[in-house]
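S.K.: Before anything else, here's the structure in question.
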Amino acid sequence: MAKKKNNDPHAFLRKIVIVLSLLGLVIMMYLTYIHFAHAKSFCDLSETVSCDVVTTSIYSEIFGIPVSILGLGYFAFVFFLITFQYGKNIFRNIVFATLFGLMPSLYLTSTEIFLIKAFCPLCETSKVIMFGILITSLVALGKQLKETLRMSVPILIAGFVAAGVTYFAQTGTLVKRDYTPLAEALNAKGVVYYASFKCNNCKRQEKLLGEAYKVLNHVECHPEGPNGNPELCLQKKIDHTPTFIIEENGVEFERKVGLQSIEELSNL
């Protein structure tokens, strides 16, 4: 690790990047928390403006890794680089990392617009922070700016490739099989699917099953939902949706709460 110079000409710009990277870390930690905890976030404002809808969608993971964890890695890299490293290439490396990360990030923004049809305020704030880090780092480069921009071309190409890989990884998780036989088998076992049309994990559950979810014995727990039956949900003590209950002649045998994988549903 290079020693800190007494007169750092970029001290103020460093502080800006430090603050921005810390803010990004906080956002990504919070998004990671709501992804795993299935907790309702403060930015779950409506069906179209909701961090919850986006962070529980199929497009919130790449190869099973939450996008927010990848964001954590980026902001942590920038923070430790700008805090503990000194030298003329520090800002250049931050520019390279940011340009590479922005390409998949902008692809994910397009999934919010065209596929999920919901806007995640915190997700987009993190991208604004990335642009802030990029602009600050470009300003700090000074005479190295032209050379850095020239060297950035292959980084941008690599970023586009990463965005393409992300697309194929995510669309590969979409349902490609007809799970109607599974849904019919669940019905035959007396499984009832309790859900809410405003529940984010219910939407994700239904995407995993594809059209087959329409075959399930389904109870809508939200009073505003289609054929809503909140009284039955209260009677069954449904605290969270989705919930799968195996019952026969009104007697409950087993209950599964939360998003279930295809394997877990098969085990039922």
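S.K.: With the cut-off at 1.5 for a/c, could you classify the stretch 89-145 from its C-alpha gyration tensor as rounded, prolate or oblate?
M.R.: Prolate, because a/c is 1.5 or more and a/b exceeds b/c.
S.K.: Moving to a separate point now. Out of every Cα pair in the stretch 129-230, what percent are spaced more than 22 Å from each other?
M.R.: 58
S.K.: Using helices alone, what [θ] at 222 nm do you get for the chain, with -39,500 (n - 2.57) per DSSP H run of 4 or more residues, divided over all residues and rounded to the nearest 500?
M.R.: Using -39500 (n - 2.57) per qualifying helix, the result is -18500 deg cm²/dmol.
S.K.: When the dipole is taken about the Cα centre of the chain, and only Lys, Arg (+1) and Asp, Glu (-1) are charged at their Cβ, what size is it in debye, to the nearest 20?
M.R.: Using only the charged Cβ atoms, the result is roughly 1860 debye.
S.K.: Quick check on the stretch 16-158: take the gyration tensor over C-alpha atoms, sort the square-rooted eigenvalues as a ≥ b ≥ c, and tell me if it's rounded (a/c under 1.5), prolate or oblate.
M.R.: Taking the square roots of the gyration eigenvalues as a ≥ b ≥ c, the stretch 16-158 is prolate.
S.K.: Among the DSSP beta bridges whose two residues both lie in the chain, what percent are antiparallel, rounded to the nearest 5?
M.R.: Of those bridges, close to 70 percent are antiparallel.
S.K.: For the charge dipole of the stretch 138-264, defined by +1 on Lys and Arg C-beta atoms and -1 on Asp and Glu C-beta atoms about the Cα centroid, which residue among Val191, Thr241, Tyr167 has the Cα displaced farthest towards the positive pole?
M.R.: Tyr167
S.K.: If you don't mind, another one. Rounded to the nearest 10 Å², what accessible area does Val215 have for a 1.4 Å probe in the complete protein model?
M.R.: It works out to around 60 Å².
S.K.: Okay, next question. Enter the accessible area of Arg150 (Å², nearest 10), with the probe set to 1.4 Å and all protein chains included.
M.R.: Surface open to solvent at Arg150 totals about 150 Å².
S.K.: I've got another one for you. Multiply the residue separation of Phe168 and Asn217 by 0.36 nm, subtract the distance between their alpha-carbon atoms, and state the gained length in nm to one decimal.
M.R.: Stretched out fully, the Phe168 to Asn217 stretch lengthens by 14.4 nm.
S.K.: Follow-up question, since we're still on this one. Which residue, Ile69, Asn201, Phe42, has the largest displacement toward the positive end of the dipole of the chain when charges sit on each Cβ (Lys, Arg +1; Asp, Glu -1)?
M.R.: Going by the Cα projections, it comes out as Ile69.
S.K.: What's the Kirkwood radius of the stretch 51-134 in Å, using all Cα pairs?
M.R.: By the Kirkwood definition, the hydrodynamic radius is 13.6 Å.
S.K.: For the stretch 120-181, what D do you get in µm² per second when you plug the Kirkwood radius from alpha-carbon pairs into Stokes-Einstein at 37 °C and 0.692 mPa s?
M.R.: The estimated diffusion coefficient comes to 219 µm²/s.
S.K.: How high is the FRET efficiency from Lys237 to Phe36, r the C-beta distance, R0 22 Å, rounded to 0.05?
M.R.: With a Förster radius of 22 Å, E is 0.35.
The values are calculated or read from the model by the stated rules, or taken from the named source; none is laboratory data. Nothing here was measured: the structure is a model prediction, and the numbers come from that model. Note that we place each Cβ from the backbone using ideal geometry, even for glycine, and neighbour counts take in every protein chain shown. SASA here: full protein model, heavy atoms, side chains in, ligands and nucleic acids out. Shrake-Rupley method; radii C 1.70, N 1.55, O 1.52, S 1.80 Å.
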